[in-house]
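Written out below as structure tokens is the structure these notes cover.
The values are calculated or read from the model by the stated rules, or taken from the named source; none is laboratory data. The structure displayed is predicted, hence computed values, not measured ones. Every residue, glycine among them, receives a Cβ derived from its backbone with ideal geometry; neighbour counts consider all protein chains shown. Accessible surface areas use protein heavy atoms only, side chains included; no ligands, DNA or RNA. Shrake-Rupley method; radii C 1.70, N 1.55, O 1.52, S 1.80 Å.
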Amino acid sequence: MITELREIVALIESGWRRVPVLVVGDVMLDKYIWGEVERISPEAPVPVVRTSLQDEKPGGAANVAMNLAGLGACVSVCGFAGGDVEQERLESLLADAGVEPLLTAVPGAPTTGKLRILSGNQQMMRLDTEPPAPAYPAAAYDDLLRRALAVLPTAAVVVLSDYAKGVLTEEVFQTLIPAARSRNIPVLVDPKQRSFARYRGATAICPNRKELAMATGEPAADLDRLLAAGQAMLRPLQVEFMPVTLGEKGIAVLRPESRRYVPAVVRQVYDVSGAGDTVIAVLALALACGLDMEIAAHIANVAAGIVVSKAGTVPIQREELLGALSQEIALHMDDKILPLEPLLGRVADWRARGQRIVFTNGCFDLLHVGHITLLEQARCKGDRLIVGLNSDSSVRRVKGSPRPLVGEQERAKVLAALSAVDAVVLFDESTPLKLIEAIRPDVLVKGGDYTEENVVGAREVRTWGGRVETIPLLQGVSTTRLIAKSVASVSQPRSATAVAI
């Protein structure tokens, strides 16, 4: 998992390559009123909320767009609004977040909205504003499709966010899905209809447990029957897979012939509203960037865990997801410390992906900035960096007593915690020649205090077409100097100080 997570971190840092995404669906303007409850109304047995804060945020399909923009994507969103003040506010909020609002104004039909009244983190009431059905004329749908089809050819992925408010009719689905799939553009659907038939041909349908139960007629409590029924729908609907969100149980990724569970990331839950929008946003970006769906589901779980820990509908931000994944990588740094045989299996996997292997080695006793600079530059010579680490007995033979000052397991953990390092392997011999012959790196790296002729393994690496690189050292920085400086500091006579007790 760590290999994939490290790749995801690099992808997120790039803003998911700034992929263009088209979102079409039921956009909303979510409003919030926070306050304190101190008494019951004398007019009726209801609490009186004394207002302290008000806020407005894009909701529904607009929140999907906000999540995508927060992660770094270039997003356009199409939907209906009322040609009213609420539409102006919604478009302003979207534009401020970097989303292109392509909203069709339908006068006489209000912009869909939800007003939530909260005290602390407790929701007291929700007031919904939405047009009565049927509310949208044929001309509105023509304009919606015109806008969406104009953007679609440049999109890397399409998200159809169905909140059952009238925007995504069967005709809209069966216009946009074939148009996208004919261009090999993946389409993800967030469903709200009782029948999934209108989603036919989508790449993925992403229901939660309740939505899947409603569509299949199976009880939500019987998870095995429910998921089996979901799998049975895939081939008839020509859908490749179905990620089903299961709350605290995580996500089940269904394919016609397989089912895989991706566990949830445990966090304090304050508000689940908007979590599904975050999940489908991450899955969409993952598909657009060619990631495996099971890996994408894990990242989506991490992202959902972040947003449910906040009050209200709050989109994920790239920095938050990076922080959570970086912590996860740090927690699993021991996965980088490998015996030779498991390491060779990992190397074979890297090579199968066309990645170049870089190898360097050393004692790395008292890790310092010179070491880190060398490792970072070594990593830039290829795609994966393996560090051969002298064991304690090897260090004693090479450096003499009292070295090493830091034990081999501690040295290995420190190296594994560095983002530049992909694997650490210990060796007992005085030189890493056996490791080099077993790993067969594409690039062998040593510090600039070596010449290419006296680098152990240089001749062998050249025989299989590899190369040897030497990296200049930072002047004045070495473990030996650090030890000498420390000894000198301890030996320095201290001035006498009178202390009254």
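Before moving on, here are some points about what is shown:
- Subset of the range 118-137 that is part of a loop (DSSP other than H, G, I, E, B) and either touching a Ser or Thr at 6+ places or on another chain (Cβ under 8 Å) or over 20 Å from Tyr163 (Cα atoms) (or both) - its residue that is modelled with the lowest pLDDT: Asn121
- Some residue of the range 266-283 being of a type in the set (Val, Ile, Thr), in contact with a Ser or Thr (Cβ under 8 Å, 6 or more places away or on another chain), at pLDDT below 90 and over 22 Å from Ser76 (Cα atoms): yes
Residues are listed down the side, and each one gets a yes or a no for (1) surrounded by 15 or more Cβ atoms within 10 Å (Cβ to Cβ); (2) farther than 19 Å from His368 by Cα; (3) modelled with pLDDT of 90 or more:
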{"position": "Arg411", "(1), (2), (3)": "yes, no, yes"}
{"position": "Leu435", "(1), (2), (3)": "yes, yes, yes"}
{"position": "Lys446", "(1), (2), (3)": "yes, no, yes"}
{"position": "Val461", "(1), (2), (3)": "yes, yes, yes"}
{"position": "Gly466", "(1), (2), (3)": "yes, yes, yes"}
{"position": "Pro493", "(1), (2), (3)": "no, yes, no"}
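- Checked against the criterion of being closer than 18 Å to Leu168 by Cβ and among the β-branched types (Val, Ile, Thr), the candidates Thr51, Thr104 yield just one match: Thr104.
- Hits in the range 304-323 - residues which are surrounded by fewer than 21 Cβ atoms within 10 Å (Cβ to Cβ) and in contact with a strand residue (DSSP E or B) (Cβ under 6 Å, 6 or more places away or on another chain): Gly312
- Screening the range 370-472 for strands (runs of 3 or more DSSP E) wholly inside it with 3 or more residues that are under 13 Å from Val358 (Cβ atoms) returns the ranges 384-390, 443-447, 467-471.
- The set of residues in the range 365-378 being without any contact (Cβ under 8 Å) to a residue 60 or more places away in the chain and either basic (Lys, Arg) or open to solvent by 20 Å² or more (accessible area, probe 1.4 Å) (or both) consists of Leu367, His371, Ile372, Glu376.
For (1) over 30 Å from Thr51 (Cα atoms); (2) without any contact (Cβ under 8 Å) to a residue 40 or more places away in the chain, each residue gets a yes or a no:
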position	(1), (2)
Thr104	yes, no
Gly108	yes, yes
Leu118	no, no
Asn121	no, no
Leu168	yes, no
Asp190	yes, no
Ala204	yes, no
Ala215	yes, yes
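- Per-region count, the range 212-253, residues farther than 19 Å from Val187 by Cβ, at pLDDT 95 or above and open to solvent by less than 10 Å² (accessible area, probe 1.4 Å): 2
- Total residues in the range 205-264, condition farther than 23 Å from Leu160 by Cα and polar (S, T, N, Q): 1
- Residue count, the range 81-117 (criterion: touching a Leu at 6+ places or on another chain (Cβ under 9 Å) and either under 20 Å from Gly274 (Cβ atoms) or assigned to a helix (DSSP H, G or I) (or both)): 18
- Taking the range 23-57 as the range and being out of contact with any helix residue (DSSP H, G or I) (no Cβ under 8 Å at 6 or more places or on another chain), part of a strand (DSSP E or B) and open to solvent by less than 30 Å² (accessible area, probe 1.4 Å) as the test, the residues that pass are Tyr32, Gly35.
- In the condition set (1) under 26 Å from the mean Cα position of the chain (by Cα); (2) without any contact (Cβ under 8 Å) to a residue 60 or more places away in the chain; (3) open to solvent by 20 Å² or more (accessible area, probe 1.4 Å), Pro20 is compliant with all but (2).
- Residue check for Ile483: at pLDDT 95 or above, assigned to a helix (DSSP H, G or I) and not polar (S, T, N, Q): no
- Matching residues, the range 83-109, being more than 16 Å from Glu56 (Cα to Cα), open to solvent by 20 Å² or more (accessible area, probe 1.4 Å) and in contact with a strand residue (DSSP E or B) (Cβ under 7 Å, 6 or more places away or on another chain): Gly83, Glu100, Pro101, Leu102, Ala105
- Close contacts from the range 1-15, counting a first residue that is under 15 Å from Ala297 (Cβ atoms) and open to solvent by less than 40 Å² (accessible area, probe 1.4 Å) and a second that is modelled with pLDDT under 85 and among the hydrophobic types (A, V, I, L, M, F, W, C), with Cβ to Cβ under 6 Å and a gap of 6+ residues or different chains, come to Leu5/Leu325; Leu5/Ile329.
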